Amino acid sequence: MLLPKDRLTPLLEHLQTPSVRLYVPAQAGGKTTRFALYEPHITTAFHLVNTALPPKDLLFPQTQKMYRYGFDEAGVPYIDPIHDADEVIVFGLRPCDMASIECMDAVFLTKGYVDEFYAPRRERLLAVAIGCTAPAKTCFCDSMGGDANEAPQADIQLNETVDGAAWVVRANTAKGTDALASWSAYLLEEAPGETAPAPAPAPAPAPAPAPASATPAPTPAPAPAPASASATPAPTPASAAPHTPEIKQTACTLRVDMTGVKEKLDALYEHELWERIAKKCVTCGTCTYVCPTCHCFDIGQENRMREGERFRSWDSCMFSNYTLMAGHHNPRADKMPRVRQRFLHKLCFFEDRYGRSLCVGCGRCVEQCPVALDITELIDEIGRITPSASPSAPAPASTPAPASAPAPAPTTSAPSAAPLTPPPAKEA
């Protein structure tokens with residue numbers, strides 16, 4: 001099926017109803033781009049590779065009321081959960097953003113835990129993904145196990161045709177199949193040579209005599225010989241339609257090699273590179289707020305006389321108060337442990353628990369970090385580190401461990417790189 005681009009606006013107006021909230025990539029005040037509620041005169045931004053802000057707040061709001069509590073007129077205490085999930089369509093997700101939703105699903109819906117505030121929002125979400133045609137210079141999703149062209153877990157997938165006039169549309173899930181039934185008036189099921197988008201809805205072309213160019217053989221007469229080439233009596237536009245138009249394919253130009261990175265990080269907890277990286281970081285938290293997979297939160301409350309509300313709001317592992325405990329103990333009071341925690345969680349710890357990296361390669365943190373602290377450069381540096389012993393075995397006691405070893409050079413022959421595992425004597 002094809003969605004001509006001149007039918008996109010009528011389709012969006014059709015999808016936006018009083019019972020459904022439709023979100024699209026848009027310019028939302030100033031220069032900020034995000035997924036905004038669709039309105040007739042909104043400035044949509046489907047041309048963007050990625051919005052500046054990710055769509056995670058549609059499932060995991062920046063501030064979310066959890067429940068109300070208080071005393072009723074009889075003085076009896078009560079607690080009322082707040083579940084405000086509506087039917088939502090997110091139209092225009094990029095494959096990396098769809099991958100980020102899969103990561104959030106793993107956190108909030110698996111391992112024996114189902115978050116009662118995330119689950120209903122996820123259940124009522126219809127995800128419509130659009131494959132990329134020209135990734136940004138900061139995109140590296142295909143190095144992180146993704147594909148800039150495809151989002152297999154999206155309910156509906158759109159890919160632009162090579163002529164740029166339409167999108168090829170297909171459903172990936174049962175929910176997507178059901179949704180496409182209401183799109184039929186805006187879709188074409190014609191062969192690529194017949195896709196002249198009409199302003200009026202046209203679900204499918206009316207049966208018509210087959211054009212001579214549609215068949216390789218010019219003889220339309222029913223003869224025994226042509227019968228072997230096709231089991232159907234005569235080619236028609238309907239039989240020509242299954243020929244899928246060619247779609248644009250692309251790949252990221254920024255690439256990293258994740259081979260062995262997780263295994264190396266298992267032994268790099270005390271490596272000197274964390275101190276060096278931390279010196280550059282200003283712990284502003286920008287990376288965590290623009291990241292589509294960061295999900296740290298804090299819980300607060302607001303009291304008003306005999307009633308109050310409990311809410312959760314985004315927090316950041318880059319902030320010193322995030323790990324502050326009662327009694328003022330803080331296991332990550334200094335900057336270095338916080339910086340280390342962020343990258344180890346993305347590239348190592350999350351994979352230990354969920355079997356995949358928490359970084360989807362969207363490039364938002366690379367693009368928006370004010371001091372250009374680039375996760376792809378960190379991955380490259382980790383890849384260059386060579387262990388002085390077997391990567392899976394601790395370093396022997398005789399292995400030298402210079403405390404002031406410089407950063408590992410790009411060449412693997414540099415003997416000054418710090419060992420992956422500190423010697424037992426130093427550890428003690």
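The values are calculated or read from the model by the stated rules, or taken from the named source; none is laboratory data. No experiment lies behind these values; they were computed from the predicted model shown. All Cβ positions, even for glycine, are placed from backbone atoms using ideal geometry, and neighbour counts span all protein chains on display. Note: areas computed on protein heavy atoms with side chains; ligands, DNA, RNA excluded. Shrake-Rupley method; radii C 1.70, N 1.55, O 1.52, S 1.80 Å.
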Residue match in region 25-39 (condition: part of a helix (DSSP H, G or I), surrounded by 13 or more Cβ atoms within 10 Å (Cβ to Cβ) and in the same structural domain as Met98 (by TED's automatic domain parsing)): no
Selection count, region 9-44, where residues are among the basic types (Lys, Arg) and over 21 Å from Glu367 (Cβ atoms): 1
Selection within region 79-100 - open to solvent by less than 20 Å² (accessible area, probe 1.4 Å) and of a type in the set (Lys, Arg): none
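Out of Glu309, Glu272, I need the residue that is touching a Lys or Arg at 6+ places or on another chain (Cβ under 7 Å), on the phi < 0 side of the Ramachandran plot and acidic (Asp, Glu). Which one?
On the way: Glu272 fails: touching a Lys or Arg at 6+ places or on another chain (Cβ under 7 Å).
So the residue among Glu309, Glu272 that is touching a Lys or Arg at 6+ places or on another chain (Cβ under 7 Å), on the phi < 0 side of the Ramachandran plot and acidic (Asp, Glu) is Glu309.
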Single residue of Leu158, Leu109 found to be open to solvent by 20 Å² or more (accessible area, probe 1.4 Å) and not small (Gly, Ala, Ser): Leu109
Count of region 120-168 residues which are in a loop (DSSP other than H, G, I, E, B) and of a type outside the set (Gly, Ala, Ser): 16
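With respect to Phe60, determine if the residue is open to solvent by less than 80 Å² (accessible area, probe 1.4 Å), under 25 Å from Pro292 (Cβ atoms), in a strand (DSSP E or B) and at pLDDT 90 or above. Steps first, please.
On the way: open to solvent by less than 80 Å² (accessible area, probe 1.4 Å): yes; under 25 Å from Pro292 (Cβ atoms): yes; in a strand (DSSP E or B): no; at pLDDT 90 or above: yes.
When the stated conditions are applied, Phe60 does not pass them.
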Tally of residues being out of contact with any His (no Cβ under 6 Å at 6 or more places or on another chain) and farther than 27 Å from Ala45 by Cα across region 83-117: 13
